[in-house]
Amino acid sequence: MLLTISTTYRPATDLGFLLHKNPGRHHVAELSFGTAHVVFPEADDERCSAAILVEVDPVGLVRGGHAGRPVRFALARYVNDRPYVASSFLSVALARLFGTAMSGRSKERQELAGQPIPLEASLPVVPCRGGPDLARRLFEPLGYAVAARALPLDPQFPGWGDSQYVALRIAGHARLRSLLEHLFVLLPVLDDDKHYWVGADEIGKLLRRGGQWLAAHPHHELIARRYLRHDQRLTRDALAALFADEAGDPDRRDEESDATEESVEQQVTEPGRTLHEQRLATVLGVITDSGARSVLDLGCGSGKLLAGLLKQPGLQRIVGLDVSHRALEGAARRLHLGTMAPRQRERVQLLHGSLTYRDVRLRGFDAAAVVEVIEHLDPPRLVAFEKVLFADARPRTVAVTTPNAEYNVLLAGLPDGSFRHPDHRFEWTRGEFSEWAEGVAARRGYRVELSGIGPEGTAPTGAPVGCPSQLAVFRR
Ligand code: SAH
(Lines give C-alpha, C1' and ligand atoms only; values in the text may rest on other atoms or scores of the structure.)
Protein backbone atom coordinates (compact mmCIF):
# COMPACT_ATOMS: atom_id res chain seq x y z
CA MET A 1 0.00 0.00 0.00
CA LEU A 2 1.24 3.39 -0.94
CA LEU A 3 0.84 6.95 0.26
CA THR A 4 2.68 9.96 -1.09
CA ILE A 5 2.91 13.22 0.83
CA SER A 6 4.21 16.20 -1.13
CA THR A 7 4.80 19.89 -0.61
CA THR A 8 5.70 22.86 -2.78
CA TYR A 9 6.68 24.97 0.20
CA ARG A 10 10.10 26.55 -0.48
CA PRO A 11 12.54 25.06 0.28
CA ALA A 12 10.46 21.94 -0.21
CA THR A 13 13.15 19.73 1.25
CA ASP A 14 12.12 21.07 4.68
CA LEU A 15 9.54 18.30 4.48
CA GLY A 16 12.36 16.00 5.55
CA PHE A 17 12.89 18.05 8.73
CA LEU A 18 9.17 18.06 9.44
CA LEU A 19 8.90 14.29 9.02
CA HIS A 20 12.21 13.69 10.81
CA LYS A 21 13.41 11.69 7.83
CA ASN A 22 16.46 12.52 5.75
CA PRO A 23 15.30 12.71 2.09
CA GLY A 24 18.56 11.14 0.97
CA ARG A 25 17.96 7.88 2.77
CA HIS A 26 15.67 4.89 2.65
CA HIS A 27 13.99 4.39 6.02
CA VAL A 28 12.62 1.09 7.21
CA ALA A 29 10.46 0.24 10.21
CA GLU A 30 9.46 -3.26 11.25
CA LEU A 31 5.85 -3.55 12.31
CA SER A 32 4.05 -6.49 13.84
CA PHE A 33 2.21 -7.13 10.57
CA GLY A 34 4.91 -6.28 8.06
CA THR A 35 7.43 -3.64 7.04
CA ALA A 36 7.11 0.08 6.35
CA HIS A 37 9.43 1.99 4.04
CA VAL A 38 9.87 5.72 3.48
CA VAL A 39 11.69 7.04 0.44
CA PHE A 40 11.73 10.46 -1.21
CA PRO A 41 11.18 10.01 -4.96
CA GLU A 42 11.65 13.75 -5.45
CA ALA A 43 13.45 16.21 -3.21
CA ASP A 44 14.50 19.59 -4.49
CA ASP A 45 13.77 23.19 -3.55
CA GLU A 46 10.50 23.39 -5.47
CA ARG A 47 8.90 20.09 -4.69
CA CYS A 48 9.52 17.30 -2.26
CA SER A 49 7.60 14.04 -1.86
CA ALA A 50 7.79 11.33 0.70
CA ALA A 51 6.46 7.95 -0.39
CA ILE A 52 5.33 5.61 2.35
CA LEU A 53 5.12 1.99 1.37
CA VAL A 54 3.75 -0.57 3.79
CA GLU A 55 4.29 -4.21 3.01
CA VAL A 56 1.85 -6.42 4.86
CA ASP A 57 2.84 -10.04 5.21
CA PRO A 58 -0.32 -11.81 4.02
CA VAL A 59 0.94 -15.26 4.98
CA GLY A 60 1.53 -14.15 8.54
CA LEU A 61 -1.89 -12.47 8.61
CA VAL A 62 -3.76 -15.52 7.50
CA ARG A 63 -1.75 -18.00 9.51
CA GLY A 64 -1.97 -16.05 12.72
CA GLY A 65 -5.37 -14.49 12.28
CA HIS A 66 -3.55 -11.26 13.05
CA ALA A 67 -3.80 -9.76 16.52
CA GLY A 68 -6.99 -11.44 17.47
CA ARG A 69 -8.75 -10.68 14.22
CA PRO A 70 -10.25 -13.92 13.05
CA VAL A 71 -10.03 -14.70 9.38
CA ARG A 72 -13.65 -14.56 8.38
CA PHE A 73 -13.88 -17.30 5.82
CA ALA A 74 -11.62 -19.73 4.05
CA LEU A 75 -11.51 -17.72 0.85
CA ALA A 76 -10.14 -14.76 2.76
CA ARG A 77 -6.64 -16.03 2.28
CA TYR A 78 -7.03 -15.70 -1.47
CA VAL A 79 -8.95 -12.47 -1.74
CA ASN A 80 -7.56 -10.61 1.22
CA ASP A 81 -6.95 -7.08 -0.01
CA ARG A 82 -5.10 -5.88 3.07
CA PRO A 83 -1.60 -6.04 1.62
CA TYR A 84 -2.49 -3.69 -1.20
CA VAL A 85 -4.81 -1.03 0.11
CA ALA A 86 -4.48 1.93 2.45
CA SER A 87 -6.24 0.86 5.60
CA SER A 88 -5.76 0.83 9.34
CA PHE A 89 -2.38 -0.82 8.73
CA LEU A 90 -1.30 2.43 7.15
CA SER A 91 -2.58 4.40 10.14
CA VAL A 92 -0.51 2.27 12.47
CA ALA A 93 2.50 2.72 10.20
CA LEU A 94 2.00 6.52 10.10
CA ALA A 95 1.96 6.70 13.88
CA ARG A 96 5.09 4.58 14.10
CA LEU A 97 7.02 6.37 11.36
CA PHE A 98 5.92 9.94 12.08
CA GLY A 99 4.88 9.97 15.74
CA THR A 100 6.90 13.10 16.47
CA ALA A 101 5.60 14.96 13.42
CA MET A 102 2.06 13.93 14.31
CA SER A 103 2.40 15.55 17.72
CA GLY A 104 3.46 18.78 16.04
CA ARG A 105 7.12 18.71 17.03
CA SER A 106 10.16 19.28 14.86
CA LYS A 107 13.68 19.48 16.19
CA GLU A 108 15.01 21.60 13.34
CA ARG A 109 11.89 23.45 12.06
CA GLN A 110 9.59 23.93 15.04
CA GLU A 111 8.09 27.14 13.70
CA LEU A 112 7.32 25.59 10.34
CA ALA A 113 5.67 22.65 12.07
CA GLY A 114 3.00 25.01 13.44
CA GLN A 115 2.41 26.69 10.13
CA PRO A 116 0.02 25.74 7.32
CA ILE A 117 1.97 24.90 4.15
CA PRO A 118 0.84 23.59 0.76
CA LEU A 119 0.46 19.84 1.17
CA GLU A 120 -0.87 17.06 -0.93
CA ALA A 121 -1.50 13.43 -0.12
CA SER A 122 -2.10 10.87 -2.77
CA LEU A 123 -3.36 7.32 -2.29
CA PRO A 124 -3.80 5.21 -5.40
CA VAL A 125 -6.03 2.62 -3.72
CA VAL A 126 -8.20 3.31 -0.69
CA PRO A 127 -11.01 0.96 0.35
CA CYS A 128 -13.95 3.28 0.81
CA ARG A 129 -17.33 2.06 1.94
CA GLY A 130 -19.43 4.93 0.69
CA GLY A 131 -17.46 5.67 -2.45
CA PRO A 132 -15.86 8.90 -3.66
CA ASP A 133 -18.73 10.90 -2.23
CA LEU A 134 -17.91 9.80 1.30
CA ALA A 135 -14.25 10.68 0.77
CA ARG A 136 -15.31 14.19 -0.23
CA ARG A 137 -17.70 14.55 2.67
CA LEU A 138 -14.95 13.61 5.10
CA PHE A 139 -12.03 15.63 3.74
CA GLU A 140 -13.67 18.74 2.26
CA PRO A 141 -14.90 20.13 5.60
CA LEU A 142 -11.27 19.99 6.74
CA GLY A 143 -10.32 22.42 4.00
CA TYR A 144 -8.93 20.09 1.34
CA ALA A 145 -9.62 20.04 -2.35
CA VAL A 146 -10.53 16.41 -2.94
CA ALA A 147 -10.12 14.38 -6.11
CA ALA A 148 -11.68 10.96 -5.57
CA ARG A 149 -12.40 8.48 -8.31
CA ALA A 150 -14.02 5.09 -7.95
CA LEU A 151 -11.85 2.34 -9.36
CA PRO A 152 -13.65 -0.02 -11.73
CA LEU A 153 -14.00 -3.63 -10.68
CA ASP A 154 -12.20 -4.59 -13.82
CA PRO A 155 -10.93 -1.91 -16.23
CA GLN A 156 -11.46 -4.25 -19.16
CA PHE A 157 -15.13 -4.72 -18.34
CA PRO A 158 -16.60 -1.32 -17.50
CA GLY A 159 -20.06 -2.86 -17.44
CA TRP A 160 -19.20 -4.60 -14.20
CA GLY A 161 -19.33 -1.29 -12.41
CA ASP A 162 -17.17 0.17 -9.69
CA SER A 163 -15.28 -1.57 -6.94
CA GLN A 164 -15.33 -0.37 -3.34
CA TYR A 165 -11.89 1.16 -3.93
CA VAL A 166 -11.14 4.78 -4.62
CA ALA A 167 -8.13 6.65 -5.94
CA LEU A 168 -7.80 9.61 -3.63
CA ARG A 169 -5.83 12.82 -3.75
CA ILE A 170 -6.31 15.62 -1.23
CA ALA A 171 -4.59 18.99 -1.38
CA GLY A 172 -4.69 22.10 0.74
CA HIS A 173 -2.89 24.48 3.07
CA ALA A 174 -2.47 22.61 6.33
CA ARG A 175 -0.01 21.95 9.08
CA LEU A 176 1.77 18.70 8.44
CA ARG A 177 0.62 17.53 11.82
CA SER A 178 -3.02 18.06 10.87
CA LEU A 179 -2.65 16.21 7.58
CA LEU A 180 -1.15 13.23 9.38
CA GLU A 181 -3.89 13.28 12.01
CA HIS A 182 -6.61 13.52 9.38
CA LEU A 183 -5.21 10.52 7.52
CA PHE A 184 -4.61 8.57 10.71
CA VAL A 185 -8.23 8.89 11.79
CA LEU A 186 -10.01 8.91 8.45
CA LEU A 187 -8.34 6.04 6.58
CA PRO A 188 -9.87 3.35 8.80
CA VAL A 189 -13.12 5.35 8.75
CA LEU A 190 -13.27 5.20 4.95
CA ASP A 191 -12.46 1.51 5.09
CA ASP A 192 -14.98 1.01 7.89
CA ASP A 193 -12.84 -1.78 9.22
CA LYS A 194 -9.81 -2.31 11.44
CA HIS A 195 -7.30 -5.06 11.47
CA TYR A 196 -7.25 -5.28 15.24
CA TRP A 197 -9.65 -5.57 18.10
CA VAL A 198 -11.13 -2.24 19.14
CA GLY A 199 -11.33 -1.57 22.86
CA ALA A 200 -11.70 1.43 25.15
CA ASP A 201 -8.12 2.55 24.48
CA GLU A 202 -9.21 3.42 20.95
CA ILE A 203 -11.21 6.33 22.40
CA GLY A 204 -7.97 7.77 23.73
CA LYS A 205 -6.38 7.53 20.30
CA LEU A 206 -9.34 9.13 18.64
CA LEU A 207 -9.33 12.02 21.10
CA ARG A 208 -5.59 12.48 20.90
CA ARG A 209 -5.53 12.56 17.10
CA GLY A 210 -8.93 14.15 16.56
CA GLY A 211 -9.34 16.41 19.59
CA GLN A 212 -8.33 19.52 17.66
CA TRP A 213 -10.70 19.18 14.73
CA LEU A 214 -13.23 16.40 15.17
CA ALA A 215 -15.81 18.23 17.28
CA ALA A 216 -16.29 20.85 14.58
CA HIS A 217 -16.48 18.30 11.76
CA PRO A 218 -20.05 18.00 10.46
CA HIS A 219 -19.71 14.21 10.27
CA HIS A 220 -18.03 13.68 13.64
CA GLU A 221 -20.69 11.20 14.65
CA LEU A 222 -20.14 8.96 11.64
CA ILE A 223 -16.39 9.28 12.10
CA ALA A 224 -16.52 8.25 15.75
CA ARG A 225 -18.94 5.43 15.05
CA ARG A 226 -16.89 3.93 12.25
CA TYR A 227 -13.57 4.54 14.00
CA LEU A 228 -14.87 2.60 16.97
CA ARG A 229 -16.28 -0.12 14.75
CA HIS A 230 -19.90 0.64 15.50
CA ASP A 231 -19.58 -0.11 19.19
CA GLN A 232 -22.42 1.98 20.61
CA ARG A 233 -21.07 2.37 24.08
CA LEU A 234 -17.58 3.32 22.95
CA THR A 235 -19.02 5.79 20.45
CA ARG A 236 -21.18 7.42 23.06
CA ASP A 237 -18.30 7.69 25.52
CA ALA A 238 -16.03 9.12 22.83
CA LEU A 239 -18.54 11.75 21.77
CA ALA A 240 -19.18 12.71 25.37
CA ALA A 241 -15.46 13.11 25.98
CA LEU A 242 -14.98 15.02 22.74
CA PHE A 243 -17.53 17.62 23.73
CA ALA A 244 -16.86 17.69 27.44
CA ASP A 245 -15.68 21.18 28.25
CA GLU A 246 -14.39 22.31 31.59
CA ALA A 247 -17.74 21.15 32.91
CA GLY A 248 -17.18 17.47 32.32
CA ASP A 249 -19.34 14.80 30.80
CA PRO A 250 -22.37 16.21 28.97
CA ASP A 251 -24.21 12.92 29.36
CA ARG A 252 -23.98 12.98 33.12
CA ARG A 253 -25.11 16.57 33.30
CA ASP A 254 -28.12 15.62 31.28
CA GLU A 255 -29.04 12.69 33.51
CA GLU A 256 -29.12 14.93 36.55
CA SER A 257 -31.22 17.40 34.67
CA ASP A 258 -34.79 16.25 34.47
CA ALA A 259 -35.05 15.23 38.10
CA THR A 260 -34.00 18.45 39.78
CA GLU A 261 -35.16 21.03 37.32
CA GLU A 262 -38.63 19.69 37.11
CA SER A 263 -38.96 19.19 40.83
CA VAL A 264 -38.15 22.79 41.76
CA GLU A 265 -40.32 24.11 38.99
CA GLN A 266 -43.08 21.61 39.73
CA GLN A 267 -44.44 24.12 42.25
CA VAL A 268 -45.40 26.48 39.48
CA THR A 269 -48.43 25.00 37.81
CA GLU A 270 -51.24 26.55 35.91
CA PRO A 271 -54.44 24.60 35.82
CA GLY A 272 -53.74 21.36 34.03
CA ARG A 273 -50.13 21.80 33.02
CA THR A 274 -46.63 22.23 34.37
CA LEU A 275 -44.49 25.27 33.72
CA HIS A 276 -42.39 23.27 31.30
CA GLU A 277 -45.43 22.18 29.32
CA GLN A 278 -46.52 25.77 29.15
CA ARG A 279 -43.08 26.84 27.99
CA LEU A 280 -43.08 24.22 25.25
CA ALA A 281 -46.58 25.20 24.12
CA THR A 282 -45.56 28.86 23.94
CA VAL A 283 -42.51 28.11 21.84
CA LEU A 284 -44.49 25.76 19.61
CA GLY A 285 -46.92 28.66 19.02
CA VAL A 286 -44.07 31.00 18.06
CA ILE A 287 -42.72 28.47 15.56
CA THR A 288 -46.04 27.69 13.91
CA ASP A 289 -47.12 31.36 13.83
CA SER A 290 -43.91 32.20 12.01
CA GLY A 291 -45.04 30.03 9.09
CA ALA A 292 -41.80 28.02 9.26
CA ARG A 293 -41.51 24.91 7.08
CA SER A 294 -38.23 23.80 8.66
CA VAL A 295 -37.15 24.03 12.28
CA LEU A 296 -34.22 23.32 14.54
CA ASP A 297 -34.65 22.28 18.17
CA LEU A 298 -31.26 23.11 19.64
CA GLY A 299 -30.45 21.33 22.89
CA CYS A 300 -33.50 19.16 22.23
CA GLY A 301 -32.90 16.95 25.29
CA SER A 302 -35.28 14.01 25.41
CA GLY A 303 -37.36 15.43 22.57
CA LYS A 304 -40.48 16.81 24.25
CA LEU A 305 -40.67 19.78 21.90
CA LEU A 306 -39.81 17.59 18.91
CA ALA A 307 -42.85 15.45 19.67
CA GLY A 308 -45.03 18.57 19.52
CA LEU A 309 -43.38 19.85 16.36
CA LEU A 310 -44.00 16.53 14.61
CA LYS A 311 -47.73 17.02 15.10
CA GLN A 312 -47.62 20.22 13.03
CA PRO A 313 -48.38 19.23 9.45
CA GLY A 314 -46.85 22.45 8.09
CA LEU A 315 -43.37 21.48 9.26
CA GLN A 316 -41.57 19.46 6.63
CA ARG A 317 -38.15 19.28 8.20
CA ILE A 318 -37.55 18.96 11.92
CA VAL A 319 -34.07 18.60 13.31
CA GLY A 320 -33.11 18.10 16.95
CA LEU A 321 -29.53 18.66 18.08
CA ASP A 322 -27.98 17.89 21.43
CA VAL A 323 -24.49 17.52 22.82
CA SER A 324 -25.59 14.56 24.91
CA HIS A 325 -25.77 11.30 23.02
CA ARG A 326 -27.81 9.84 25.81
CA ALA A 327 -30.39 12.60 25.46
CA LEU A 328 -30.62 11.85 21.74
CA GLU A 329 -31.20 8.18 22.47
CA GLY A 330 -34.00 9.26 24.79
CA ALA A 331 -35.46 11.44 22.05
CA ALA A 332 -35.29 8.59 19.53
CA ARG A 333 -37.24 6.43 21.99
CA ARG A 334 -39.83 9.09 22.77
CA LEU A 335 -40.48 9.68 19.08
CA HIS A 336 -40.43 5.94 18.26
CA LEU A 337 -38.01 6.70 15.43
CA GLY A 338 -37.34 3.00 14.92
CA THR A 339 -40.93 2.15 14.04
CA MET A 340 -42.06 5.43 12.53
CA ALA A 341 -43.84 5.36 9.17
CA PRO A 342 -41.40 6.26 6.39
CA ARG A 343 -43.16 9.53 5.47
CA GLN A 344 -42.96 10.73 9.06
CA ARG A 345 -39.45 9.42 9.47
CA GLU A 346 -38.25 11.56 6.59
CA ARG A 347 -39.37 14.73 8.35
CA VAL A 348 -37.25 14.30 11.45
CA GLN A 349 -33.55 13.97 12.12
CA LEU A 350 -31.48 13.89 15.29
CA LEU A 351 -27.98 15.31 15.23
CA HIS A 352 -25.20 15.13 17.71
CA GLY A 353 -23.30 18.36 18.10
CA SER A 354 -22.53 21.31 20.28
CA LEU A 355 -23.99 24.78 19.95
CA THR A 356 -20.59 26.26 20.56
CA TYR A 357 -19.10 24.85 17.32
CA ARG A 358 -19.94 26.29 13.92
CA ASP A 359 -21.97 23.64 12.16
CA VAL A 360 -22.93 23.71 8.48
CA ARG A 361 -25.73 21.26 9.18
CA LEU A 362 -27.62 24.05 10.94
CA ARG A 363 -27.82 26.31 7.90
CA GLY A 364 -30.93 26.86 5.80
CA PHE A 365 -33.68 26.53 8.44
CA ASP A 366 -36.64 28.88 8.83
CA ALA A 367 -36.82 28.74 12.62
CA ALA A 368 -34.96 27.56 15.71
CA ALA A 369 -36.01 26.84 19.29
CA VAL A 370 -33.47 26.98 22.13
CA VAL A 371 -35.49 25.98 25.17
CA GLU A 372 -33.75 26.07 28.58
CA VAL A 373 -30.32 25.60 27.08
CA ILE A 374 -28.29 28.82 27.22
CA GLU A 375 -28.04 28.69 31.00
CA HIS A 376 -26.15 25.39 30.56
CA LEU A 377 -23.38 27.15 28.62
CA ASP A 378 -20.38 28.69 30.32
CA PRO A 379 -20.75 32.47 30.01
CA PRO A 380 -17.53 32.84 27.98
CA ARG A 381 -18.97 30.34 25.45
CA LEU A 382 -22.05 32.47 24.85
CA VAL A 383 -20.16 34.47 22.24
CA ALA A 384 -19.42 31.29 20.30
CA PHE A 385 -23.09 30.28 20.61
CA GLU A 386 -24.17 33.69 19.32
CA LYS A 387 -21.92 33.34 16.26
CA VAL A 388 -22.98 29.76 15.54
CA LEU A 389 -26.69 30.53 15.65
CA PHE A 390 -27.13 34.20 14.75
CA ALA A 391 -24.19 34.77 12.41
CA ASP A 392 -23.75 31.40 10.72
CA ALA A 393 -26.99 29.36 10.86
CA ARG A 394 -29.22 32.48 10.77
CA PRO A 395 -32.78 31.15 10.86
CA ARG A 396 -35.40 33.87 10.32
CA THR A 397 -37.04 33.19 13.68
CA VAL A 398 -35.32 32.14 16.89
CA ALA A 399 -37.09 31.47 20.20
CA VAL A 400 -34.86 31.36 23.29
CA THR A 401 -36.14 30.61 26.80
CA THR A 402 -34.28 30.74 30.10
CA PRO A 403 -35.28 30.92 33.78
CA ASN A 404 -36.03 34.29 35.33
CA ALA A 405 -33.77 34.46 38.39
CA GLU A 406 -35.95 37.09 40.06
CA TYR A 407 -38.70 34.52 40.46
CA ASN A 408 -36.47 32.18 42.47
CA VAL A 409 -37.44 33.87 45.77
CA LEU A 410 -40.85 32.28 45.29
CA LEU A 411 -39.55 28.76 44.80
CA ALA A 412 -39.40 26.74 48.00
CA GLY A 413 -36.32 24.62 48.56
CA LEU A 414 -34.08 26.96 46.61
CA PRO A 415 -31.60 28.57 48.99
CA ASP A 416 -30.63 32.16 48.23
CA GLY A 417 -28.45 32.57 45.21
CA SER A 418 -28.63 28.94 44.13
CA PHE A 419 -29.86 27.80 40.73
CA ARG A 420 -32.83 25.67 39.75
CA HIS A 421 -30.52 23.02 38.37
CA PRO A 422 -27.00 21.94 39.36
CA ASP A 423 -25.74 22.24 35.77
CA HIS A 424 -26.91 25.82 35.30
CA ARG A 425 -23.95 28.16 34.88
CA PHE A 426 -26.09 31.23 35.46
CA GLU A 427 -29.66 32.33 35.80
CA TRP A 428 -30.50 35.81 34.60
CA THR A 429 -32.81 38.52 35.83
CA ARG A 430 -35.12 40.04 33.25
CA GLY A 431 -32.70 42.96 32.92
CA GLU A 432 -29.72 40.68 32.26
CA PHE A 433 -31.59 38.58 29.69
CA SER A 434 -32.86 41.63 27.88
CA GLU A 435 -29.39 43.19 27.79
CA TRP A 436 -27.95 40.03 26.22
CA ALA A 437 -30.84 39.63 23.79
CA GLU A 438 -30.83 43.29 22.67
CA GLY A 439 -27.08 43.07 22.18
CA VAL A 440 -27.34 39.94 20.02
CA ALA A 441 -30.15 41.48 17.96
CA ALA A 442 -28.21 44.69 17.36
CA ARG A 443 -24.97 42.90 16.48
CA ARG A 444 -26.53 40.31 14.19
CA GLY A 445 -29.31 42.19 12.45
CA TYR A 446 -32.40 40.82 14.23
CA ARG A 447 -35.37 42.42 15.98
CA VAL A 448 -36.16 40.96 19.40
CA GLU A 449 -39.28 40.79 21.55
CA LEU A 450 -39.14 39.75 25.20
CA SER A 451 -41.93 38.28 27.30
CA GLY A 452 -42.61 36.05 30.30
CA ILE A 453 -43.99 32.53 30.56
CA GLY A 454 -46.03 31.38 33.56
CA PRO A 455 -47.90 33.32 36.24
CA GLU A 456 -46.53 36.71 37.33
CA GLY A 457 -45.26 36.70 40.91
CA THR A 458 -44.80 39.14 43.75
CA ALA A 459 -42.00 38.82 46.28
CA PRO A 460 -42.81 38.83 50.04
CA THR A 461 -41.46 42.40 50.03
CA GLY A 462 -44.22 43.36 47.61
CA ALA A 463 -41.88 43.78 44.65
CA PRO A 464 -43.05 42.31 41.36
CA VAL A 465 -40.66 39.58 40.19
CA GLY A 466 -42.16 38.76 36.79
CA CYS A 467 -42.87 35.31 35.43
CA PRO A 468 -40.89 32.16 36.30
CA SER A 469 -39.59 31.73 32.77
CA GLN A 470 -38.63 34.22 30.08
CA LEU A 471 -38.74 34.17 26.33
CA ALA A 472 -36.92 36.13 23.63
CA VAL A 473 -38.16 35.89 20.05
CA PHE A 474 -35.68 37.07 17.44
CA ARG A 475 -36.79 37.83 13.90
CA ARG A 476 -35.07 39.07 10.80
N1 SAH B 1 -34.77 21.73 25.34
C2 SAH B 1 -35.03 20.57 26.18
C3 SAH B 1 -33.90 20.21 27.12
C4 SAH B 1 -33.43 21.28 28.04
S5 SAH B 1 -32.16 20.71 29.15
C6 SAH B 1 -36.32 20.80 26.92
O7 SAH B 1 -36.74 21.94 27.01
O8 SAH B 1 -36.90 19.86 27.42
C9 SAH B 1 -30.70 21.34 28.35
C10 SAH B 1 -30.22 20.52 27.17
O11 SAH B 1 -29.18 21.22 26.54
C12 SAH B 1 -29.61 19.17 27.58
O13 SAH B 1 -30.19 18.14 26.82
C14 SAH B 1 -28.14 19.34 27.29
O15 SAH B 1 -27.51 18.14 26.89
C16 SAH B 1 -28.18 20.34 26.16
N17 SAH B 1 -26.94 21.10 26.00
C18 SAH B 1 -26.14 21.63 26.96
N19 SAH B 1 -25.07 22.23 26.41
C20 SAH B 1 -25.19 22.08 25.06
C21 SAH B 1 -24.39 22.46 23.94
N22 SAH B 1 -23.26 23.13 24.10
N23 SAH B 1 -24.81 22.12 22.71
C24 SAH B 1 -25.97 21.43 22.53
N25 SAH B 1 -26.76 21.04 23.55
C26 SAH B 1 -26.37 21.36 24.79
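The values are calculated or read from the model by the stated rules, or taken from the named source; none is laboratory data. Owing to the predicted nature of the structure, the values given are computational and were not obtained by experimental measurement. No Cβ is skipped: glycine too gets one built from the backbone with ideal geometry, and neighbour counts run over all protein chains shown. When the accessible area is computed, the model is the full protein with side chains, heavy atoms only, and any ligands, DNA or RNA have been set aside. Shrake-Rupley method; radii C 1.70, N 1.55, O 1.52, S 1.80 Å.
Orientation-averaged projection of region 120-212 equals 6.6 nm² [convex hull of Cα atoms, one quarter of hull surface area].
Here the accessible area of the chain is 51 percent carbon and sulfur, with a 1.4 angstrom probe and all protein chains present.
Over region 2-196, accessible surface divided per residue gives 46 Å², non-protein components excluded, 1.4 Å probe. Each 20 Å bin from zero up to the one holding the largest Cα-Cα distance in the chain carries the following percent of pairs: 21, 45, 27, 7, 0.
Candidates PRO118, CYS48, SER178 compared by Cα position along the dipole of region 2-196: farthest toward the positive end lies SER178, with charges placed on Cβ.
Projecting the Cα atoms of ALA95, LEU337, THR397 onto the charge dipole of the chain, computed from C-beta unit charges around the Cα centre, puts ALA95 farthest toward the positive end.
Test of understanding: what is the full-extension gain from THR461 to ARG333, defined as 0.36 nm times their sequence separation minus their Cα-Cα distance?
Computed gain between THR461 and ARG333 is 41.5 nm.
Across the cross-link table entries LYS311/LYS387; LYS21/LYS205; LYS107/LYS205; LYS304/LYS387, which are compared at the Cα atoms, the separations over 29 Å belong to LYS311/LYS387.
The amide H of CYS48, built 1.01 Å from its N in the peptide plane, has THR7 as neighbours under 5 Å, considering only residues 5 or more places off or on other chains. Loop-resident GluC sites (Glu not before Pro) (DSSP state other than H, G, I, E or B) in region 336-441 with no more than 11 further Cβ atoms inside 10 Å of their Cβ: GLU346. Placing dummy labels 7 Å off each Cα toward the beta-carbon, the span from VAL383 to HIS230 is 4.4 nm.
The H on the amide N of GLY466, modeled in the peptide plane, is under 5 Å from the matching H of GLY457, each at least 5 residues off or on a different chain.
In debye to the nearest 20, how big a dipole does region 79-236 give about its Cα centre with +1 on each Lys and Arg Cβ and -1 on each Asp and Glu Cβ?
500
Rounded to the nearest 0.05, the FRET efficiency derived from the C-beta distance between THR35 and SER434 at R0 = 56 Å is 0.25. The charge dipole of the chain, taken about its Cα centre with unit charges on the Cβ atoms of Lys, Arg (+1), Asp and Glu (-1) only, comes to about 1440 debye.
Selection among LEU296, LEU18, LEU190 by position relative to the dipole of the chain gives LEU190 as farthest towards the positive end (Cβ unit charges, Cα centre). Database remark: amide H of ARG175 closer than 5 angstrom to the amide H of ILE117 (H placed geometrically; neighbours at sequence offset of 5 or more, or on other chains; Pro and chain starts carry no H). Stretching ARG109 away from LEU410 to a fully extended chain increases their span by 102.1 nm, per 0.36 nm per residue minus the current alpha-carbon distance. The mean sequence separation of alpha-carbon pairs under 8 Å and at least six residues apart, normalised by the residue count of the chain, gives a relative contact order of 10 percent. A cut-off under 13 angstrom between Cβ atoms defines the neighbours of VAL465, and their net charge, with Lys, Arg +1 and Asp, Glu -1, is -2.
Taking a Cβ cut-off of under 11 Å around LEU414, the surrounding Lys, Arg, Asp and Glu residues balance to a net charge of -2, with basic ones at +1 and acidic ones at -1.
Distance between the modelled labels on ARG443 and ALA281, one decimal in nanometres: 3.5 nm (7 Å Cα→Cβ projection).
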